[in-house]
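A quick write-up on the structure given underneath.
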Amino acid sequence: MHELPEDVGEPDLWPALAAWGLAPGRLTYAAVGFGDYHWQAVDVEGRHWFVTVADLTAKAYCGPDAPAACAGLERAMDTAAALRASGLDFVVAPEPAADGRTLHPLPDGRHAVSVFPFEAGTAGDFGEALSAAERGRVLDLLAALHRTAPPAAIPAHRPELPSRPGLDAALGALSRPWSGGPYAEPARELLAAHGAGLRRRLAEFDRLAVTAAGGAPMVTHGEPHPGNVLRRGERRLLVDWDTVALAVPERDLWLVAETAEDLARYADAAGRAADPAALALYRLRWALDDVALSVAEFRGPHAGTRDTAVSWSALSGTVESLTA
């Protein structure tokens, strides 16, 4: 996120980081990723950490009331830690605090903090075009992940769109002005112009959900796009395990595999071929979920910030590509 959270700052973080035994040193905000807030921390002993603060109200599995401890997010963090402990050294997992927990709520009840070892490297960008060799490296990691026995804490994934009711409601409310903020009316006008196309894609999603093969679920990352792959020489590390879950492998594969050769490489490594209908289902699910979440943001109270500008650009591009 480009913008700092309005109600979380250094005075809030150091007391929380004491749960990991970190004494105050230096905190530097890291404007990376989208959705969570990140800092680099160097404690008084010179140890380097990566600190993530999650807004629980923005997590679909936490619910709008932002419970003080979000069970879904904590289970995801616990799963990542268990995967790392099982020998998957490409998993960048949170460090357990002194009490063994991987996620600690902040006093406001809305935010929660996790701490990771700082890993030097270069991350890619979402949507970045990857070479065949680079895709192969990531597919090999996914094959290893998918072959791994599921940790006990792992959440289960459902292919349905949890954001579907909000999108359906928005498509049914296009005749009245939206007043949530500067992008409310542009969002309404965008949906009004492309409503028929969006409804067709929602119907297509429903058909794919019926026809896609439902093979045995396995451990999936959920978002293995280039922005979540850290490059260090020939090594590749996977970060951002918020959406780790038991699901069919196509949930991961559609984001990486582009060619028949890519899918053949994965099948050789994982011992399982991909289902084309499931790949199409998850590709469409991602786009529709992005639209639904952005529309919900713009129908609600919002301001004109760098982050909402990014959201608006992404919404416009996604809607137009979906309905072209």
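The values are calculated or read from the model by the stated rules, or taken from the named source; none is laboratory data. Since this is a predicted model, take the numbers as computed values, not measurements. So basically every Cβ, Gly included, is an ideal-geometry build from the backbone, and we count neighbours across all protein chains shown. Please note that ligands, DNA and RNA were not included when accessible areas were found on the heavy atoms of the full protein model with its side chains. Shrake-Rupley method; radii C 1.70, N 1.55, O 1.52, S 1.80 Å.
Counting the residues of the stretch 217-239 that are surrounded by 19 or more Cβ atoms within 10 Å (Cβ to Cβ), out of contact with any Ser or Thr (no Cβ under 9 Å at 6 or more places or on another chain) and among the acidic types (Asp, Glu) gives 0. In the stretch 241-256, is there at least one residue being of a type in the set (D, E, K, R), free of Cβ contacts under 8 Å to residues at least 12 places away in the same chain and either over 20 Å from Gly35 (Cβ atoms) or part of a helix (DSSP H, G or I) (or both)? No, because not a single residue in the stretch 241-256 is of a type in the set (D, E, K, R), free of Cβ contacts under 8 Å to residues at least 12 places away in the same chain and either over 20 Å from Gly35 (Cβ atoms) or part of a helix (DSSP H, G or I) (or both). Residues of the stretch 287-322 that are surrounded by 17 or more Cβ atoms within 10 Å (Cβ to Cβ) and not in a helix (DSSP H, G or I): His302 alone.
Of the conditions (1) modelled with pLDDT under 85; (2) out of contact with any Gly (no Cβ under 8 Å at 6 or more places or on another chain); (3) buried (at least 18 other Cβ atoms within 10 Å of the Cβ); (4) closer than 23 Å to Ala245 by Cα, Thr57 satisfies every one except a single condition; which number is it? Of (1) modelled with pLDDT under 85; (2) out of contact with any Gly (no Cβ under 8 Å at 6 or more places or on another chain); (3) buried (at least 18 other Cβ atoms within 10 Å of the Cβ); (4) closer than 23 Å to Ala245 by Cα, only one is false for Thr57: (3). Among residues of the stretch 296-316 that are within 19 Å of Ser163 (Cα to Cα), those with a beta-carbon under 6 Å from a residue that is of a type in the set (A, V, I, L, M) and in a helix (DSSP H, G or I) at least six positions away or on a different chain give the pairs Phe298/Ala184; Phe298/Ala187.
Taking the conditions exactly as written (exposed (fewer than 14 other Cβ atoms within 10 Å of the Cβ), on the phi < 0 side of the Ramachandran plot, assigned to a loop (DSSP other than H, G, I, E, B) and modelled with pLDDT under 90), does Pro15 satisfy them or not? Steps first, answer last, please.
Numbers: exposed (fewer than 14 other Cβ atoms within 10 Å of the Cβ): yes; on the phi < 0 side of the Ramachandran plot: yes; assigned to a loop (DSSP other than H, G, I, E, B): no; modelled with pLDDT under 90: yes.
The answer is no for Pro15.
Each residue in the stretch 102-132 was checked for being of a type in the set (A, V, I, L, M, F, W, C) and free of Cβ contacts under 8 Å to residues at least 60 places away in the same chain, and 3 of them qualify. Specify the residue that is least open to solvent (accessible area, probe 1.4 Å); the eligible residues are those in the stretch 172-199 that are hydroxyl-bearing (Ser, Thr, Tyr) and closer than 23 Å to Asp307 by Cα. Within the stretch 172-199, the match that is least open to solvent (accessible area, probe 1.4 Å) is Tyr183.
Given the options Ala193, Ala184, name the one that is in contact with a helix residue (DSSP H, G or I) (Cβ under 6 Å, 6 or more places away or on another chain), within 26 Å of Glu297 (Cβ to Cβ) and not basic (Lys, Arg). Before the answer, list the steps.
Working: Ala193 fails: in contact with a helix residue (DSSP H, G or I) (Cβ under 6 Å, 6 or more places away or on another chain).
After ruling out the rest, the residue left standing is Ala184.
From the set of residues in the stretch 240-260 that are out of contact with any helix residue (DSSP H, G or I) (no Cβ under 7 Å at 6 or more places or on another chain) and farther than 16 Å from Ala93 by Cβ, which is surrounded by the fewest Cβ atoms within 10 Å (Cβ to Cβ)? The residue in question is Ala260. Which pairs have Cβ atoms under 8 Å, sit 6 or more apart or on different chains, and link a residue in the stretch 156-171 that is more than 19 Å from His221 (Cβ to Cβ) to one that is open to solvent by 70 Å² or more (accessible area, probe 1.4 Å) and at pLDDT below 95? Qualifying pairs under 8 Å: Ser163/Ala60; Ser163/Leu293.
Taking each residue of the stretch 180-198 that is at pLDDT below 95 and looking for partners that are assigned to a loop (DSSP other than H, G, I, E, B) with beta-carbon atoms closer than 6 Å, six or more apart or interchain, yields Gly180/Gly300; Gly180/Pro301; Gly180/His302. Of the helices (runs of 4 or more DSSP H) lying entirely inside the stretch 70-171, the ones with 1 or more residues being farther than 22 Å from Arg285 by Cβ, at pLDDT 90 or above and open to solvent by 30 Å² or more (accessible area, probe 1.4 Å) are found at 71-85, 132-146.
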